Amino acid sequence: MTTETTSSREPVGRFLGWLGLRHSRSGARPSEEDAPDPGGSRQARGDLVAAIGRFLIDNDLDISPANLVIAHGAFSGSNPQLARQIAARAQSREGVTQLWIDEVTGGEAGQDGRADLDRLMTRLETNLDAFQTRSKAAHQMTRDYGSELEEHLTDLEQLQKTGQIVSSLADLAKAMLERTRKAEDEMRRSEDEAKSLRRSLKRAKRDAEVDYLTGLPNRRAFEALLDQHHREARETPIALSVAFCDIDNFKAINDTHGHDAGDRVLKVIADTLAQISDDHCHVARHGGEEFVMLFRGLTPAEAAQRLDDARERLASRRLINRKTDTPFGVITFSGGVADVFGYADPRAALKAADEALYRAKEAGRNRIEVA
């Protein structure tokens, strides 16, 4: 490991200073330097920011919102797959460049866009609520007005001696009644359109959280679910475990049988994992050939056992590529499990599960390891 020079630390120091996470020694009061740090949370945040700063500055990357999001995902533990890609690239001759970052993290850079879409959809739903409320009230007022107008019109037409003025009023009332009925029909159509749009919005939100290939929840949906269950489990103490699964030798499957066959294998793995999913076990596709799972009410050992049962069922099957009648051979996966409450936060637990997964790979694959 190389020793950091003073000059290499200076840009990182300035970076920390911009974010208000570092005081100069000369200007800091003793109480600031020696302030207690329960659980080391301040130190952990400082280390994370330092790692992000070194990564951006050492690789001459823009300090842009997109790069900050990408770097945070890699160094906070929320995206272990990206962290491994960056580590491997850093060891290569090409190194980490902005062009490479943009190519491999196109989906990650779109997180801000998805957040904007979420905000837009929420605002649109709010506006739809207000429109439907106003439209319903106007519809009711128009209907009441039309009924009352129709009653007066009947009374006017029954009068025989009212003269020409009353007759003209009756004609005018008829015209107004016709317009009122048209307005009522238009309002009814607008209400129907608003209901249809609301249904479309619900479908769009649902589709945004589902992996199109496997039908499982995607990474975005899983992270929201993990945060929700983590909050609930803290209030009512209950075991909470996470797991990463990765298909063994998946690249060889794609290279030998083609990507279409690889997609079918992904679906088989998804179905196998979905079979152990219930109200206390949630499965999602994290990306590529990786799946992630959340076990509520199960210790890591219990979660590992349930996952290992699924692994054995899959390994006992003999899959055949139906398009070519060529056997796939034995398809297996490896997994790593971690205790969510054994770490500072859920992202750190995910990182630990990912590290356990790669210990399983190094130990020969087709096995489950507990962090």
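Quick one: which residues, 5+ away or cross-chain, put their amide H under 5 Å from the amide H of residue 286? H built at 1.01 Å from N.
291, 292
Taking Cα pairs under 8 Å and at least six residues apart, what relative contact order does region 206-314 come out at, in percent?
Relative contact order here is 34 percent.
Quick one: 3J(HN,Hα) in Hz for region 315-323, Karplus 6.51/-1.76/1.60 with θ = phi - 60°, rounded, Gly and Pro as x.
Here the 3J(HN,Hα) series is 5, 7, 7, 10, 8, 10, 6, 5, 6 Hz.
What's the extension gain from residue 48 to residue 208 if we count 0.36 nm per residue and subtract their Cα-Cα distance?
The span from residue 48 to residue 208 would gain 54.6 nm if fully extended.
Go through region 256-265 residue by residue and turn each phi into a ³J(HN,Hα) via Karplus (6.51, -1.76, 1.60, θ = phi - 60°); whole Hz please, and just put x for glycine and proline.
Each residue of region 256-265 in turn: 7, 10, x, 5, 4, 5, x, 5, 5, 5 Hz.
Taking only the alpha carbons of region 219-370, what extent do you get along each of the three principal axes, in Å, biggest first?
Projected onto its principal axes, the Cα set of region 219-370 covers 54, 29, 21 Å.
Given a Förster radius of 30 Å and the C-beta distance between residue 198 and residue 232 as r, what FRET efficiency does 1/(1 + (r/R0)^6) yield to the nearest 0.05?
0.60
Count charges around residue 322 for me, please; just the other residues with Cβ under 15 Å from its Cβ, Lys/Arg as +1, Asp/Glu as -1.
The answer is +2.
Quick one: what are the phi-derived ³J(HN,Hα) couplings along region 347-360, Karplus 6.51/-1.76/1.60 with θ = phi - 60°, whole Hz, x for glycine and proline?
5, 5, 5, 4, 5, 5, 5, 5, 5, 5, 4, 6, 5, 5
To the nearest 0.05, how large is the calculated FRET efficiency for residue 315 and residue 181 if R₀ is 51 Å and r is the Cβ-Cβ distance?
Efficiency computed from Cβ-Cβ geometry: 0.15.
Among the listed pairs 202/267; 202/251; 202/323; 182/202; 251/351; 174/195, give every one whose C-alpha distance is greater than 28 Å.
Those over the limit are 202/251; 202/323; 182/202; 174/195.
Give me 238, 70, 86 ranked fewest to most by other Cβ atoms within 10 Å of their Cβ, as a rough exposure proxy.
Listed from fewest to most nearby Cβ atoms, that is 238, 86, 70.
Tell me the label-point distance for the pair residue 62, residue 84, using the 7 Å Cα-to-Cβ offset, in nm and rounded to one decimal.
A separation of 3.0 nm, rounded to one decimal place.
Values quoted throughout were computed directly from the atomic coordinates according to the rules given, and no laboratory measurement underlies them. Since the structure is predicted, the reported quantities are computational estimates derived from the model, not experimental observations. Cβ: placed from backbone, ideal geometry, glycine included. Neighbour counts: every protein chain shown.
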